[in-house]
Amino acid sequence: MGIPLPSGIDAAQRRFREIQAAVDNTGTRTLEAATISQGNLRVRHGGNIVIGDGGSLRITGGDLILGQGKIQGDALAEQFTAKTISLGSENNSGKNPGAAWAWVNDALVSCPAWAQKTFIIASWYVQQTRSSAFDDTNFGAFARMRCGAQYSSDVLLNYEQRLDDGAYFQYAATGFSIFELPGNTDFRLGVEGRATRAVYKMIGTVNALCLFTRNNS
């Protein structure tokens, strides 16, 4: 046998639903100052948390967790962006460096005005073709990757293969380099070479990824 409900319960339930609907439809609420010590701040029915100009959503501890949804591109437009640099050998006739370091293949990289730091991840390759009759006693050729005023360690060009039935020998050096440059100043990126004496040209290729970012703290 069920327990009878108090008289008027249907009317009370209808009134409660009316009150709930009125609360849900009151529109945007403004919190001048609020603290939630426990529980959650929940936005129902597809609403939004809107932060006005000059405001911030600041997380001093904990995590921002996105279960679903997206961070739209406009929000990241001046926070993080990338540019690829590809320097091939097809339009590079080569350079003939001597004892001083000289560019073999390079390009000027322009930084966004808002960038505060640039990370460069690059692979590079430098080759040199020498006659098999060349006396390479006391001869050495070296290559390195350079970004702005920073550069990788020197790499000696070593024998790689024979060409034209042994009439020429190909020597090469390869590397993988990572750089971090401060600020937003444009910089030159590429490979440099030097040799004991200027005899044979060097040809270089570079594939680099430049990541521009802010120093968010």
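In segment 175-182 there is no residue that is at pLDDT below 95, over 14 Å from residue 104 (Cβ atoms) and assigned to a loop (DSSP other than H, G, I, E, B).
Filtering segment 79-118 to residues that are within 13 Å of the chain's Cα centre (by Cα), among the hydrophobic types (A, V, I, L, M, F, W, C) and open to solvent by 70 Å² or more (accessible area, probe 1.4 Å) leaves only 80.
Residue-by-condition table, conditions (1) within 30 Å of residue 183 (Cα to Cα); (2) part of a helix (DSSP H, G or I); (3) at pLDDT 70 or above; (4) in contact with a helix residue (DSSP H, G or I) (Cβ under 6 Å, 6 or more places away or on another chain):
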site	(1), (2), (3), (4)
13	no, yes, yes, no
23	no, yes, no, no
26	no, no, no, no
37	no, no, no, no
59	yes, no, yes, no
62	yes, no, yes, no
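Suppose we filter segment 119-166 for residues that are assigned to a loop (DSSP other than H, G, I, E, B) and either of a type in the set (Ser, Thr, Tyr) or under 15 Å from residue 203 (Cβ atoms) (or both); how many remain? Quick ask: steps written out before the conclusion?
From segment 119-166, those assigned to a loop (DSSP other than H, G, I, E, B) are 132-140, 148-149, 152-154, 157; that's our starting set.
Adding the requirement that they be either of a type in the set (Ser, Thr, Tyr) or under 15 Å from residue 203 (Cβ atoms) (or both) leaves 132, 137, 152-153, 157.
Qualifying residue count, segment 119-166: 5.
Scanning segment 119-133 for residues that are open to solvent by less than 40 Å² (accessible area, probe 1.4 Å) and touching a Gly at 6+ places or on another chain (Cβ under 7 Å) yields 124, 126.
Restricting attention to segment 164-217, the residues being in contact with a strand residue (DSSP E or B) (Cβ under 7 Å, 6 or more places away or on another chain), among the polar types (S, T, N, Q) and more than 30 Å from residue 79 (Cβ to Cβ) number 3.
Taken over segment 204-217, the criterion of being in a strand (DSSP E or B) and open to solvent by 50 Å² or more (accessible area, probe 1.4 Å) is satisfied by 207, 209.
To keep it simple, each residue is scored yes or no on (1) open to solvent by 90 Å² or more (accessible area, probe 1.4 Å); (2) in contact (Cβ under 8 Å) with a residue 40 or more places away in the chain.
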| site | (1), (2) |
| --- | --- |
| 161 | no, no |
| 169 | no, yes |
| 178 | yes, yes |
| 182 | yes, yes |
| 185 | yes, yes |
| 193 | no, yes |
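The values are calculated or read from the model by the stated rules, or taken from the named source; none is laboratory data. Quantities reported herein were computed from a predicted structural model and do not represent experimental measurements. Here Cβ is always computed from backbone atoms with ideal geometry, including for glycine, and neighbour counts include all displayed protein chains. All accessible areas refer to the heavy atoms of the entire protein, side chains included, with ligands and DNA or RNA removed. Shrake-Rupley method; radii C 1.70, N 1.55, O 1.52, S 1.80 Å.
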